[in-house]
Amino acid sequence: MPLTESQLADIEAQRDASAATRRPTVPALEEKLFAVIPLLDHGFIRVIDYMGDDGAVVQAARVSYGRGTRRVSEDAGLIRYLMRHHHSTPFEMCELKLHVKLPIFVARQWIRHRTANVNEYSARYSVLDREFYIPEPAHLAAQSAVNRQGRGAVLEGDEAADVLALLRDDAARCYDHYAHMLNEDAEGEPADPDRAGLARELARMNLTLNTYTQWYWKTDLHNLLHFCALRADAHAQYEIRVYAEAIIDILRAWVPATYEAFQDYRLNAANFSGAMVAALKRMLAGENVTQETSGMSKREWTEMMTALGK
Ligand SMILES: Cc1cc2nc3c(=O)[nH]c(=O)nc-3n(C[C@H](O)[C@H](O)[C@H](O)COP(=O)(O)OP(=O)(O)OC[C@H]3O[C@@H](n4cnc5c(N)ncnc54)[C@H](O)[C@@H]3O)c2cc1C
């Protein structure tokens, strides 16, 4: 369901307002504040608030009286050092608050990240909108044959059409029954005066997992990076990955030096086990090391080769 006129007006009013502050602000993130970043078919992310910037990370690391910043290159160097050595607490000095609209099955994965503050739209108090996530045909894939937690080839032709029709029909039918059990008209009055209607907290159990929910979600920069590293990874499900990737875009605007360090030392980095380092040393010394002579399992060996681009 697109945003209503009154919701759009609220967003515009917030975007038009401004306040003087002594706190550091980030112009590139101010530009994004409150704006809707559309994701999937009905989802979105909005930045509601933030605290701190790259300077706040540096300030905390140096425990300084002033902004703590020196030359930009020196500050970026310190941030890279902190990231490289997992000195996490300076990153906890920054916070980001988001308004997120997401399918319930994505929310179930997201909520596992416990180091955040969450307030979800109450389906005990309010009626959920008639909105379901229906994947684009390009994302409608078969079960992967090699990864039990992943997808394989995209479904084609009649099978794809059949699956899409089932997803749409089942979600719509369950929502129709939800609405019937609630027995409420647009004003919240009984649609059929002869029926009491079921409580909202019970009627919702009939909804499909692709129904959209919403929450406010706030976390600090350290735990946000952890979330992004896990959920923007190729192993994460596409539907949560698009949210993580949108958050990484926000990071680039908000904390550019932290974003660069995060790319280098987390997203584009690889971890090598003790056995991997030993095998790499032997390889660099000119030895022809194979999986069998490496002492590694086939899986660990494949992971190392993938990290090396082999
Ligand atoms: C690709 C992928 C597949 C997954 N598959 C499954 C699955 O099949 N089944 C499943 O149940 N989950 C699964 N998960 C969820 C995963 O196991 C984590 O629960 C989730 O990623 C949250 O990570 P976290 O605990 O590190 O984050 P947070 O909860 O934000 O915690 C951040 C860090 O804080 C510390 N911490 C937080 N709370 C505690 C605590 N109570 N005790 C000790 N330390 C704490 C830990 O160091 C933790 O790493 C999957 C996640 C991913 C990314």
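The values are calculated or read from the model by the stated rules, or taken from the named source; none is laboratory data. Because the structure is a prediction, the values reported are computed rather than measured. In this analysis, Cβ positions are derived from the backbone assuming ideal geometry, glycine residues included, and neighbour counts consider all displayed protein chains.
In the stretch 77-174, which strands (runs of 3 or more DSSP E) lie fully inside it and hold 3 or more residues that are away from the ligand (no atom under 16 Å from the Cβ) and surrounded by fewer than 18 Cβ atoms within 10 Å (Cβ to Cβ)? Qualifying strands (runs of 3 or more DSSP E): 151-154. Counting only residues that are of a type outside the set (Asp, Glu), surrounded by fewer than 19 Cβ atoms within 10 Å (Cβ to Cβ) and more than 6 Å from the ligand (Cβ to nearest atom), how many does the stretch 225-240 have? Adding up the residues that qualify gives 4. Checking the stated criteria, Tyr216 turns out not to satisfy the condition of being away from the ligand (no atom under 14 Å from the Cβ) and either touching a Leu at 6+ places or on another chain (Cβ under 6 Å) or of a type in the set (Asp, Glu) (or both).
Within 16 Å of the ligand (Cβ to nearest atom) and in a strand (DSSP E or B) - does that describe any residue in the stretch 180-203? No: the stretch 180-203 contains no residue that is within 16 Å of the ligand (Cβ to nearest atom) and in a strand (DSSP E or B). Note on the stretch 248-258: residues that are surrounded by fewer than 22 Cβ atoms within 10 Å (Cβ to Cβ) and either within 14 Å of the ligand (Cβ to nearest atom) or more than 22 Å from Arg114 (Cβ to Cβ) (or both) amount to 5.
Val47 - would you say it is touching a Cys at 6+ places or on another chain (Cβ under 8 Å) and either closer than 25 Å to Tyr238 by Cβ or outside any loop (DSSP other than H, G, I, E, B) (or both)?
Values: touching a Cys at 6+ places or on another chain (Cβ under 8 Å): no; either closer than 25 Å to Tyr238 by Cβ or outside any loop (DSSP other than H, G, I, E, B) (or both): yes.
Taking the combined requirement at face value, the residue does not satisfy it.
Here is the figure for the stretch 231-259: residues that are without any contact (Cβ under 8 Å) to a residue 40 or more places away in the chain and among the aromatic types (Phe, Trp, Tyr) total 1.
Taking Phe272 as the residue in question, decide whether it is away from the ligand (no atom under 11 Å from the Cβ) and touching a residue at least 40 places away in the same chain (Cβ under 8 Å). Answer is no for this residue. Given the structure, is Pro38 closer than 30 Å to Trp215 by Cβ and either among the basic types (Lys, Arg) or not in a helix (DSSP H, G or I) (or both)? When the stated conditions are applied, Pro38 passes them.
Of the residues Leu3, Leu29, which is at pLDDT below 95, within 23 Å of Ala244 (Cα to Cα) and under 23 Å from the mean Cα position of the chain (by Cα)? Talk me through it step by step, then tell me what you get.
Working: Leu29 fails: at pLDDT below 95.
From the options Leu3, Leu29, the qualifying one is Leu3.
Considering each residue of the stretch 107-125 in turn, at least one proves to be touching a residue at least 12 places away in the same chain (Cβ under 8 Å), closer than 30 Å to Glu189 by Cα, out of contact with any helix residue (DSSP H, G or I) (no Cβ under 6 Å at 6 or more places or on another chain) and of a type in the set (Asp, Glu). Among the residues of the stretch 88-110, the ones that are out of contact with any strand residue (DSSP E or B) (no Cβ under 7 Å at 6 or more places or on another chain) and among the basic types (Lys, Arg) come to 1 in all.
Taking residues in the stretch 213-230 that are free of Cβ contacts under 8 Å to residues at least 60 places away in the same chain, and partners anywhere that are of a type in the set (Val, Ile, Thr), the pairs with Cβ atoms closer than 9 Å and at least 6 places apart or on different chains are Cys228/Ile247; Cys228/Ile248.
Looking at Tyr216, Tyr243, just one residue is surrounded by 21 or more Cβ atoms within 10 Å (Cβ to Cβ), over 25 Å from Gly77 (Cα atoms), of a type in the set (Ser, Thr, Tyr) and modelled with pLDDT of 95 or more, and that residue is Tyr243. Within the stretch 19-35, the set of residues being assigned to a loop (DSSP other than H, G, I, E, B) and either surrounded by 10 or more Cβ atoms within 10 Å (Cβ to Cβ) or not small (Gly, Ala, Ser) (or both) comprises Thr21, Arg22, Arg23, Pro24, Thr25, Val26, Glu31, Lys32, Phe34, Ala35.
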